[in-house]
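Since every read-out is calculated from the coordinates, none of them should be taken as a lab result. Computed from a prediction, not measured in an experiment: that's the story for all the values here. Counting neighbours? That spans all protein chains shown, and the Cβs are built from the backbone with ideal geometry, glycine included.
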Amino acid sequence: MKTIVHMKKIHPEDFIVKPGEKFKIQKRPTKIDLNADKEEIEDELRKVRRKIAKLQTKIYAAGTPAIYIGIQGMDTAGKDSLIREVFKDINPSGIFVYDFKKPTPEEHAHDYFWRHYKVMPERGMFAVHNRTHYEEVLITRIHPQLILNQKIYGVNTLDDINEDFWKQRYRQINDFERIQVENGTVMIKLFLHLSKEEQKNRFLRRIRREDKQWKFNEADLKERKRWDEYMDAYECAIDHTSTGYAPWYVIPADDKPTARLIAAKIIHKILKDLDVDFPKLSDEEKKKFEMYREQLLQEETKEKIKN
């Protein structure tokens, strides 16, 4: 599904899943035409990410709020490159990126939020999560045996992992995100919506190019065979967890430069609306700056006399 949108008229609200909306994944485009060439799109991205960097500096200086950016998508959806290109102008001391892999035995011994709690952003900081706590209602829904491996008390057979179980998990996720928001974290959730055809093209490119072959995993092809199941899992998860305090944004991902620009514009709009500025100094503190200035100038004068 493809639509045409002018590059200058990308509105973040066009990609949001509104609370109460019955989300249908098939009705969302995987590609949009911005009526611009790749160079124009990348130039616009450079402008937007510089604006993001300036806002991040203010948030870092103010020490609030915490900014969480969670990115989900099928294999090859472009999560890694989006993170690299959208956040490259941000001061590294103010941002952390976490790439979640298969849970460790220690992580399995705790509730599934435990490993995510440990790396949620501090106030004034950005945390970008490459894959998120939503894996626990995505891949586990396709492979429910993974739930049994967690040895959750009261969940003993696959029959226990029914629709009520998943609804409970959606509620838990909503509660988790509400707690984060109520304690000063801005939750930004991005789903990179890729078509099955484009994923095939990207897999073929990985196989063909030597510099990409290291990324290819045979297991990804096995998961691809269950594409429709994954789309159903994403549809259910997004439908149940796009809330007013932590909405989902569904980004067409068949064209990577376009997806990066849309993501950047969404993030910029959210940060701009926070209206965070540098800390304000009192009049007394401002007066001291003149004293500090005089001390430094006198130091310079003494050095010249000494020499």
With a point put 7 Å past each Cα toward its Cβ, work out how far Glu39 is from Lys222 in nm, to one decimal. 4.6 nm
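Just flag the trypsin sites (Lys or Arg not before Pro) in region 199-307 sitting in loop per DSSP whose Cβ has no more than 15 other Cβ atoms within 10 Å.
Arg209, Lys212, Lys225, Arg226, Lys280
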Within region 80-137, report the GluC sites (Glu not before Pro) that DSSP leaves as loop and that have at most 14 other Cβ atoms within 10 Å. Glu122
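Sort Trp214, Trp227 so that the residue with the fewest other Cβ atoms within 10 Å of its own Cβ comes first and the one with the most comes last. Spell out each step's value before the answer.
Values: Trp214 8, Trp227 13.
Going from sparsest to densest Cβ surroundings: Trp214, Trp227.
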Entries of Lys88/Lys215; Lys51/Lys280; Lys9/Lys31 with Cα pairs more than 18 Å apart: Lys88/Lys215; Lys51/Lys280
Magnitude of the Cβ-charge dipole of region 1-140, K/R +1 and D/E -1, about the Cα centre, nearest 20 debye? 380 debye
Kindly work out what percent of the DSSP beta bridges joining two residues of region 2-282 are antiparallel, to the nearest 5. 5 percent
Ranking of Glu40, Glu285 by count of other Cβ atoms within 10 Å, fewest first: Glu285, Glu40
Using θ = phi - 60° and Karplus 6.51 cos²θ - 1.76 cosθ + 1.60, couplings along region 19-32 (whole Hz; Gly, Pro as x): x, x, 5, 7, 6, 10, 5, 5, 7, 9, x, 9, 8, 10
Which of the aspartates and glutamates could a cross-linker span from Lys196 if the Cα-Cα distance has to be under 16 Å and same-chain partners fewer than 8 positions apart are dropped? Asp75, Asp220, Glu223, Asp228, Glu229, Asp232, Glu235, Asp254, Asp255
Diffing region 265-278: the Karplus 3J(HN,Hα) column from phi (6.51, -1.76, 1.60, θ = phi - 60°), in whole Hz with x for Gly and Pro, holds 5, 4, 4, 4, 4, 5, 5, 4, 5, 5, 6, 8, 10, 4
Of the chymotrypsin sites (Phe, Trp or Tyr not before Pro) in region 109-192, which ones lie in a loop per DSSP and count no more than 16 other C-beta atoms within 10 Å? Phe113, Tyr153
Quick one: of Lys101/Lys151; Lys22/Lys212; Lys151/Lys200; Lys118/Lys151; Lys79/Lys118, which pairs are farther than 27 Å apart, Cα to Cα? Lys22/Lys212; Lys151/Lys200
Read-out volume of the Cα convex hull per residue in Å³, candidates [x] 122; [y] 207; [z] 159; calculated match is [y]
Cβ density ranking, 10 Å radius, fewest first, applied to Thr301, Thr30, Thr64 yields Thr301, Thr64, Thr30
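Once R0 is set to 45 Å, what does the formula 1/(1 + (r/R0)^6) return for the Cβ-Cβ distance between Ile142 and Asp277, expressed as a FRET efficiency to the nearest 0.05?
Working from the Cβ atoms, E equals 0.50.
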For Val155 paired with Lys102, estimate the spin-label separation in nm (one decimal), with each label point 7 Å from Cα along the Cα-to-Cβ line. 1.8 nm
Could you give each residue of region 247-263 its phi-based ³J(HN,Hα) in whole Hz, using Karplus coefficients 6.51, -1.76, 1.60 with θ = phi - 60°, and x for Gly or Pro? x, 8, 10, 9, 9, x, 10, 5, 10, 5, x, 5, 4, 5, 5, 4, 4
